[in-house]
Amino acid sequence: MRKKWLFLTPFILIIVAVIAVILYIRPTKDLDLNYTELDWKAKITEMIETREPVIQINAEEFNRMAKQKLVKYLAQGELPVDVTGAEFKQHGNRVEADINGKWGIIPFGAKATYNMDFSGGLVVMTPVSVQIRGITLTPEQLGLKQVSVPPGKELPEMIKVKDMIFHEDSIEARLSLNWLEIMRLL
């Protein structure tokens, strides 16, 4: 009987350790991938009223747009995990993404941090770090790579984003456009 316990003890300890890790990394927030698209017509109307070729994106709008882009990216199936929810916060050129997901059957919650720049007509997102409950991992350990996204795909063709300014809690997109063609849209 004693030999049986000596034999089973390591397996029991391994099972307890695995359960402890799973409980430790599980998500602490309920997040989803639901979003509503931005009303670009209202943004363009506001731009016409102010007579400035600038569109402001606030924190809530940024979260919705980022979720939309993430859902499209996930459809390509390039991540080694299943993402089940996300929330994005922009602070200047830094983006914090709270992510819920599953690695196989194991649920996890993580915070990924990216630097965001506007270069060559693209928004370039460079992964900086990933934290899972205080454990910091490098983006390379998780296979995260730099992502480039063309801004303004949702805008009419005659509107092009020529520059982006990242404020603490908003983004200012400076545009190049033909005002006469814009007036015809409305």
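The values are calculated or read from the model by the stated rules, or taken from the named source; none is laboratory data. Please read these numbers as outputs of a predicted model, since none were measured by experiment. Methodologically, a virtual Cβ is constructed for each residue, glycine included, from the backbone with ideal geometry; neighbour enumeration extends over all protein chains shown. SASA here: full protein model, heavy atoms, side chains in, ligands and nucleic acids out. Shrake-Rupley method; radii C 1.70, N 1.55, O 1.52, S 1.80 Å.
Values computed for the structure shown
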| read-out | value |
| --- | --- |
| Single condition Val161 does not satisfy, out of (1) open to solvent by less than 50 Å² (accessible area, probe 1.4 Å); (2) within 17 Å of the chain's Cα centre (by Cα) | (2) |
| Hits in segment 20-58 (condition: over 29 Å from the mean Cα position of the chain (by Cα) and not charged (D, E, K, R)) | Ile48, Thr50 |
| Which numbered condition Glu46 fails, given (1) surrounded by 10 or more Cβ atoms within 10 Å (Cβ to Cβ); (2) at pLDDT 90 or above; (3) out of contact with any Asp or Glu (no Cβ under 7 Å at 6 or more places or on another chain) | (2) |
| Some residue of segment 98-108 being more than 16 Å from the chain's Cα centre (by Cα), modelled with pLDDT under 90 and not in a strand (DSSP E or B) | yes |
| Count of residues meeting criterion [open to solvent by 90 Å² or more (accessible area, probe 1.4 Å), under 30 Å from Gly101 (Cα atoms), without any contact (Cβ under 8 Å) to a residue 40 or more places away in the chain and assigned to a loop (DSSP other than H, G, I, E, B)] in segment 1-43 | 2 |
| Odd one out for Phe88, checked against (1) outside any loop (DSSP other than H, G, I, E, B); (2) within 19 Å of Leu155 (Cβ to Cβ) | (2) |
| Residue ID - farthest from the chain's Cα centre (by Cα), chosen from residues in segment 166-186 that are open to solvent by 90 Å² or more (accessible area, probe 1.4 Å) and modelled with pLDDT of 80 or more | Glu168 |
| Members of segment 88-97 found to be open to solvent by 60 Å² or more (accessible area, probe 1.4 Å) and free of Cβ contacts under 8 Å to residues at least 60 places away in the same chain, listed by number | Lys89, Arg94 |
